[in-house]
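Engineer: Please read through the structure below; I'll follow up with questions.
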Amino acid sequence: MIANLFIVFNAFAKDFVITPKTEKLINITDEKFLSFGLDTAQIVGSYWWDKEGKMIGGRGKNKVSPLDLTKRILLKHVSALAPAYLRIGGSEADALYYNMKDNSDKRPKKYDSTLTKKRWKEIESFIKNTNTELFFTLNQGPSSWDSKGEWDTTNLREFLKFLSNEGAIPYKFELGNEVFAYWAIFGLSYQLSEEDYAKNFLETKNLLKKNNLKAKLAGPASAFWPIIGEPLGFIFNEMEDLFPILKNDYDIITWHYYPTQSFRCPVAIRRMNKERLIDLDVLNEVKKWAKALVKDKNKYSPKAELWLGETGSAQCGGEPKISDQFISSIWWIDQLGILAKLDHKVVIRHNLIGADYALLNQDGTPRPDYYASYLWKMNMGTKVLSAESTNKNIRSYLHCSPDEKYLSLVLINIANKELQGQIKGIPVTSIKTMEGLDLYQQDVLVNNGKIQNLENLKEVTWNKGDSLTLPKHSISFLNWKDKSGICKKKL
């Protein structure tokens, strides 16, 4: 008798129960919430990450050829993720000379590279052809300082005047890249104070206004390292001390975060290994920094937007055979879910193509993170709710669908075993489950079928009954009709 009861109990036992919270919206993101970037070095042909991993300062040792922005496969895959921001930025942005007069590569010796008028036209065409919006990092690094260490805006003024006359595409701008880590990239004598940066920020806003460029300005794009946050921030300045200075002069507040550091990084607080991206402590760490920034933003700059302006699974170009494999998708979708709940309007993935942490392989074919991004875009709209999980290994994030007709739930099983459970009160739902043939492969399955193209990701299957089975190390997107009406409400 006891044995029979045990069997019956196990038949109804659940590894997890998900409780959707549809009483209120907790955030509304930008429709371009999931966005991506190209490094300035790839645009102009300068110092970029290579397989050998050699570095100079904060950049790769060797120069690369400029990326071909006319490739059909690149245009196709970028367009499929639209709407999105395309950020052109990175350390090279603070070493860039703007030559909008002709197409020569001539520049003062203190600059590393040149953005020509011709190349700018190619950027504009790429933006138009992919239905993206440009988010461009402006140079206020040491290359633009005069002999006294003062910021010389002559070249910036020429560039903004050109853009004012051009008027071809909408822009958003960012002033500088990882400005409180200049000491690590350019040398100890080149670090700006918070006051100096704030002065430059306000001057740039004024220049935008004078040139009739109705563009929002972002900054300071400060780097947060694993575990320690802003490296040596107590010595070399940090965002916390910038908030009281800029206050409501902020339009967009940007920060950078990588949960691990690759083999290329000469100094590593948390070196990437094969288990990092499914470690609960690693996955949860982004909450610590995000919550602190949300608190400061709400106190000093409540009207500003908070963006994670650069992120990837491993700093310094990503880790070979990990950052470009399916395991990275688990981290990527989880971080998107976390930050959507924590008042972030946009998250920008570095990088679109190139190195080990990109969404696309060098030939333009998708990596697992690209397919995961596509599924996110298809299912997760701008309105963010909450969903509670009874199992710490099942990560749950609830949004309205992009058309606001459905509730969309993403469930991430980080456990190394299949888990069974249910969504409380939701007996039947459509489901798309993404899993790798292995955590460390690029081949990806959706609903047990190998992905051959983007059309595979549009196929829907139905989960019938109360029980829901999630394969080990998987990402599942589920949808059901919004009978609560919450998706039609405003925050």
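Engineer: Given H placed 1.01 Å from N in the peptide plane, which residues other than close sequence neighbours of A415 have an amide H under 5 Å from its amide H?
Structural biologist: H473
Engineer: Just to verify a number: FRET efficiency for K21 and L280, C-beta to C-beta distance, R0 = 22 Å, to 0.05? Could you put the intermediate results ahead of the total?
Structural biologist: Working: r = 22 Å, r/R0 = 0.98.
With a Förster radius of 22 Å, E is 0.55.
Engineer: Can you tell me how much longer the chain between K483 and K321 gets when fully stretched, taken as 0.36 nm per residue apart minus their C-alpha distance, in nm with one decimal?
Structural biologist: On the way: separation 162, 0.36 × 162 = 58.32 nm, distance 4.37 nm.
Contour length minus the Cα-Cα distance gives 54.0 nm.
Engineer: Moving to a separate point now. Past the 27 Å Cα-Cα mark, which pairs from K51/K106; K51/K274; K161/K297; K288/K345; K76/K106; K21/K464?
Structural biologist: Values: K51/K106 30 Å; K51/K274 19 Å; K161/K297 32 Å; K288/K345 17 Å; K76/K106 34 Å; K21/K464 22 Å.
K51/K106; K161/K297; K76/K106, as the Cα separations exceed 27 Å there.
Engineer: With a 1.4 Å probe and all protein chains kept in place, how much accessible area does R157 have, in Å² rounded to the nearest 10?
Structural biologist: Estimated to the nearest 10 Å², R157 gives 110 Å².
Engineer: Tell me the carbon and sulfur percent of the accessible area for region 26-122, rounded to whole percent, probe radius 1.4 Å. Don't skip to the answer; put the middle values down first.
Structural biologist: Details: 2090 of 4220 Å².
Here it works out to 50 percent.
Engineer: Which residues in region 181-219 have a backbone N closer than 11 Å to a point placed 7 Å from the Cα of T154 along the Cα-to-Cβ line?
Structural biologist: Nothing falls inside the zone, counting backbone N under 11 Å.
Engineer: What nm value, rounded to one decimal, do you get for the distance between D50 and L437 when each label is placed 7 Å out toward the C-beta?
Structural biologist: Here the answer is 3.2 nm between the modelled labels.
Engineer: What does the helix-only formula give at 222 nm for the chain: each DSSP H stretch with n ≥ 4 adding -39500 (n - 2.57), the total divided by the residues, and the result rounded to the nearest 500 deg cm²/dmol? Kindly include the intermediate steps, with their values, before the conclusion.
Structural biologist: Numbers: 12 runs with 133 residues, N = 491.
-8000 deg cm²/dmol, from helical runs alone.
Engineer: Right, here's the next one. With label points built 7 Å along Cα→Cβ from the Cα atoms of D146 and D241, find their separation and express it in nm.
Structural biologist: Placing both labels 7 Å along Cα→Cβ, they lie 2.6 nm apart.
Engineer: Send over a whole-number figure in Å² for the accessible area per residue of region 181-330, probe 1.4 Å. Don't skip to the end; give the middle numbers.
Structural biologist: Details: 6080 Å² over 150 residues.
Accessible area per residue, region 181-330: 41 Å².
Engineer: Here's a follow-up. What's the ranking of 140-146, 186-192 by average number of surrounding C-beta atoms within 10 Å, highest first?
Structural biologist: Details: 140-146: 20.6, 186-192: 15.3.
Packing order, densest peptide first, comes out as 140-146, 186-192.
Engineer: Could you go through region 437-453 in sequence order and give the Karplus-derived ³J(HN,Hα) for each residue, using 6.51 cos²θ - 1.76 cosθ + 1.60 with θ = phi - 60°, rounded to whole Hz, and x for Gly and Pro?
Structural biologist: Here the 3J(HN,Hα) series is 4, 7, 4, 10, 9, 8, 5, 10, 9, 10, 6, 6, x, 5, 5, 9, 7 Hz.
Engineer: Using amide H atoms built in the peptide plane, which far-off residues or other-chain residues are under 5 Å from W225 H to H?
Structural biologist: Here the answer is E230, since their amide H atoms fall under 5 Å of that of W225.
Engineer: Follow-up question, since we're still on this one. Under 1.5 on a/c is rounded, so check that first for region 351-417, then, if it is not, pick prolate when a/b is larger than b/c and oblate when it is not; a ≥ b ≥ c are the square roots of the alpha carbon gyration tensor eigenvalues. List each step's numbers first, then the result.
Structural biologist: Numbers: a/c = 3.25, a/b = 1.46, b/c = 2.22.
Oblate, because a/c is 1.5 or more while a/b does not exceed b/c.
Engineer: Quick one: if the Förster radius is 41 Å, what FRET efficiency do T390 and K450 give, using the C-beta to C-beta distance and rounding to 0.05? Don't skip to the end; give the middle numbers.
Structural biologist: Numbers: r = 32 Å, r/R0 = 0.79.
FRET efficiency, T390 to K450: 0.80.
Engineer: Quick one: which residues, 5 or more positions from I423 or on another chain, have an amide H under 5 Å from its amide H? H modelled 1.01 Å from N in the peptide plane, none for Pro or chain starts.
Structural biologist: I18
Engineer: Right, something else. Could you order the peptides 441-453, 245-257 from most to least packed, using the average number of other C-beta atoms within 10 Å per residue? Before the final figure, lay out each step's value.
Structural biologist: On the way: 441-453: 14.2, 245-257: 20.4.
Final packing ranking: 245-257, 441-453.
Engineer: In whole Hz, what ³J(HN,Hα) sequence does region 165-175 give by Karplus (6.51, -1.76, 1.60; θ = phi - 60°), x for Gly and Pro?
Structural biologist: 6, 6, x, 8, 9, x, 9, 10, 10, 10, 9
Engineer: Let me ask something else about it. Once the piece of chain linking T469 and S164 is laid out straight, how much longer is it, given 0.36 nm per residue of separation minus the C-alpha distance between them?
Structural biologist: Working: separation 305, 0.36 × 305 = 109.80 nm, distance 5.57 nm.
Contour length minus Cα-Cα distance gives 104.2 nm.
Engineer: How many angstrom lie between the Cα centre of region 90-145 and the Cα centre of region 392-439?
Structural biologist: Going from one Cα centre to the other spans 42 Å.
Engineer: Which one, N298, T311, L342, projects farthest toward the positive side of the charge dipole computed for region 279-407 from Cβ point charges (K/R +1, D/E -1)?
Structural biologist: Sorting the options by dipole projection puts first N298.
Engineer: Further, regarding this structure: Tell me, what % of the accessible area of region 360-491 is carbon and sulfur with a 1.4 angstrom probe?
Structural biologist: Values: 2700 of 5890 Å².
Solvent-exposed carbon and sulfur of region 360-491 make up 46 percent of the total.
Engineer: With Cβ to Cβ distances under 11 Å as the rule, what net charge do the other residues near N99 carry (K, R +1; D, E -1)? Each step should come with its number before you reach the end.
Structural biologist: On the way: positive: K101, K106, R107, K117, K118, R119; negative: D102, D105, E158.
After counting each charged neighbour, the total is +3.
Engineer: 7 Å from Cα along Cα→Cβ at both Y171 and E203: what's the point-to-point distance in nm?
Structural biologist: The two pseudo-label positions are separated by 1.8 nm.
The values are calculated or read from the model by the stated rules, or taken from the named source; none is laboratory data. Source: prediction; values computed, not measured. Virtual Cβ from ideal backbone geometry, glycine too; neighbours counted across all protein chains shown. Side chains are part of the model used for accessible areas, which takes the heavy atoms of the whole protein and leaves out ligands, DNA and RNA. Shrake-Rupley method; radii C 1.70, N 1.55, O 1.52, S 1.80 Å.
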